[in-house]
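None of the figures in this text is laboratory data; all of them are computed from the coordinates on show. Note that this is a predicted model, so its numbers are computed, not measured. Backbone-built Cβ (ideal geometry, glycine too); neighbour counts: all protein chains shown.
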Amino acid sequence: MASHKITLALILFLTLFTYSNARLGPIKETELTVYFQDYSSGPNATVIECPPPSSGLNFSTFGAMFCADDPITEGFEDSSALIARGRGLNVISSLDGSSAHVMLSIVFIGGKYNGSSIEIYGNDPRTGYREVPVVGGTGKFRLARGYATFETLNFDPVRSHATIRSNLTVLHY
Ligand SMILES: *[C@@H]1O[C@H](CO)[C@@H](O)[C@H](O)[C@H]1NC(C)=O
Ligand SMILES: *[C@@H]1O[C@H](CO)[C@@H](O)[C@H](O)[C@H]1NC(C)=O
Ligand SMILES: *[C@@H]1O[C@H](CO)[C@@H](O)[C@H](O)[C@H]1NC(C)=O
Ligand SMILES: *[C@@H]1O[C@H](CO)[C@@H](O)[C@H](O)[C@H]1NC(C)=O
């Protein structure tokens, strides 16, 4: 009798498990390249130090925290199609200022992923080529995991404008 109950429970569990897998559908892989347009000074700055600095921004001070809302474009030029905003925090998290902790959302506001988002979270070694985990997402990127690379392709000191390319490899349903 008891073993029948266990068998029934097992069948029920497997049915639910199979059903929930079917509902999620097969896992997909998406690769995309986007460009963060980051302005660190002037009236239209897209990244600020929080709390506001007593002197200029210093990206090497342990504990310094920066809040950003960068436009993200489809192409390298900052005039190319705006598809998302890069919103989040960056905290200088190593004593010597060489690495940062990143908590960043790519919030799509145009293009084919409009309405979806990707969450990027973890250590940024602040070297020429950085890799940060993708830990989640919404919409088309539900249950996302993967990784994002970041490379600063250009910095214009006159406009305090950095162009940062991000290649993302994301597994999602
Ligand atoms: C800041 O943005 C405003 C509104 O878009 C624009 O008129 C102005 O020229 C910009 N200023 C600079 C320095 O880019
Ligand atoms: C920024 O902070 C670092 C570490 O605190 C210091 O060595 C450096 O001189 C500072 N740079 C500027 C421009 O203030
Ligand atoms: C993105 O989606 C929002 C909400 O559905 C909509 O209002 C907006 O027009 C869309 N933007 C673009 C560029 O498609
Ligand atoms: C990012 O993608 C571009 C083109 O798709 C490629 O040229 C570049 O090497 C990639 N960067 C990294 C760090 O993988």
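Loop-located chymotrypsin sites (Phe, Trp or Tyr not before Pro) in the range 32-63 (DSSP state not H, G, I, E or B) with no more than 16 neighbouring Cβ atoms inside 10 Å: Phe59, Phe62. Taking the 0 to 90 degree range and rounding to the nearest ten, how far is the long axis of helix 2-24 tilted relative to the main principal axis of the chain, both from C-alpha atoms? Roughly 40 degrees, rounded to the nearest 10.
So what's Rg/Rh here for the range 18-173, counting alpha carbon atoms and using the Kirkwood radius for Rh?
On the way: Rg = 16.3 Å, Rh = 16.3 Å.
Answer for the range 18-173: 1.00.
Selection among Gly63, Leu143, Phe76 by position relative to the dipole of the chain gives Leu143 as farthest towards the positive end (Cβ unit charges, Cα centre). Taking every C-alpha pair closer than 8 Å and separated by at least 6 residues, the mean separation divided by the residue count of the chain gives a relative contact order of 21 percent.
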